[in-house]
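The values are calculated or read from the model by the stated rules, or taken from the named source; none is laboratory data. For clarity, every value in this text was computed on a predicted model and none was experimentally measured. Cβ sites come from the backbone with ideal geometry, for glycine too, and all protein chains shown count toward neighbours. We work out accessible area using only protein heavy atoms, side chains counted, and drop any ligands, DNA or RNA first. Shrake-Rupley method; radii C 1.70, N 1.55, O 1.52, S 1.80 Å.
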Amino acid sequence: MKKNVFCLITVFAVLFAAVSCDKKDDDKTDQVWKLANEQAFNAVKNNPAYAEFKSPGNEGSIYYRVLKKGTGTKQIFYTSTATVYSKGWFAADSKEYGITKGMVFQKWLAEDGIPAELKVSELVSKKNGLTVSLKGIQAALQKMTQGDKWEIWVPYQLGGGKSRASALTIGSAPLHLIPAYSTLVFEIEVVEVIQ
């Protein structure tokens with residue numbers, strides 16, 4: 001279990017660790033990518049299959065759809081620890097970044113082993129010079145209960161932000177750079193709420 005905790009926290013930490021880049025060369029590519037991600041996010045925003053909630057700091061909206069309703073009643077708080085299965089993928093295409101819509105950048109599913117343990121508070125933190133900023137996932141988890149499985153759309157303001165980040169994944173998912181302004185899509189299943 002400790003190995004899975006370390007792996008998942010490392011994935012999220014490295015996933016959003018800032019990497020330096022030459023801004024002049026990347027401005028046009030970043031703007032094209034930003035627009036493609038905003039269009040993908042807006043399509044979900046207008047899709048009646050998805051519900052919306054605002055982030056606690058009112059920094060933006062998160063869209064989600066319930067894939068499976070759990071039977072748990074134990075609420076997840078900011079200070080909670082839960083075990084989860086998760087998968088994350090890109091919402092848009094970019095030839096320049098070598099990304100196709102739906103490309104998986106992170107996964108930890110049942111076939112990869114026992115569920116990973118997450119501390120909700122650590123999804124937005126700084127450790128050893130690495131910044132983890134998954135406010136969208138942090139907010140969504142606090143609305144879920146044991147057994148829930150959701151698809152969650154996170155805009156860049158509540159995910160990777162405006163900086164390039166490296167991505168380190170676990171399981172069989174590819175190692176891939178997370179570009180600035182990425183809309184990220186996650187499938188999260190809460191296996192157990194520990195505390």
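Yes/no matrix, rows are residues, columns are (1) crowded, with 17+ Cβ neighbours inside 10 Å; (2) in a strand (DSSP E or B); (3) at pLDDT 90 or above:
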{"site": "Ile137", "(1), (2), (3)": "yes, no, yes"}
{"site": "Gln146", "(1), (2), (3)": "yes, no, yes"}
{"site": "Glu151", "(1), (2), (3)": "yes, yes, yes"}
{"site": "Lys162", "(1), (2), (3)": "no, no, no"}
{"site": "Thr169", "(1), (2), (3)": "yes, no, no"}
{"site": "Pro174", "(1), (2), (3)": "no, no, no"}
{"site": "Val185", "(1), (2), (3)": "yes, yes, yes"}
{"site": "Ile188", "(1), (2), (3)": "yes, yes, yes"}
Open item on the list: Need pairs with beta-carbon distance below 8 Å; first residue on the phi > 0 side of the Ramachandran plot and within region 52-79, second surrounded by fewer than 17 Cβ atoms within 10 Å (Cβ to Cβ) and in a strand (DSSP E or B); sequence gap 6+ or separate chains.
Closed with: Gly60/Lys54
- [ ] Within region 49-103, work out how many residues are open to solvent by 50 Å² or more (accessible area, probe 1.4 Å), in a loop (DSSP other than H, G, I, E, B) and over 30 Å from Val32 (Cα atoms).
- [x] 8
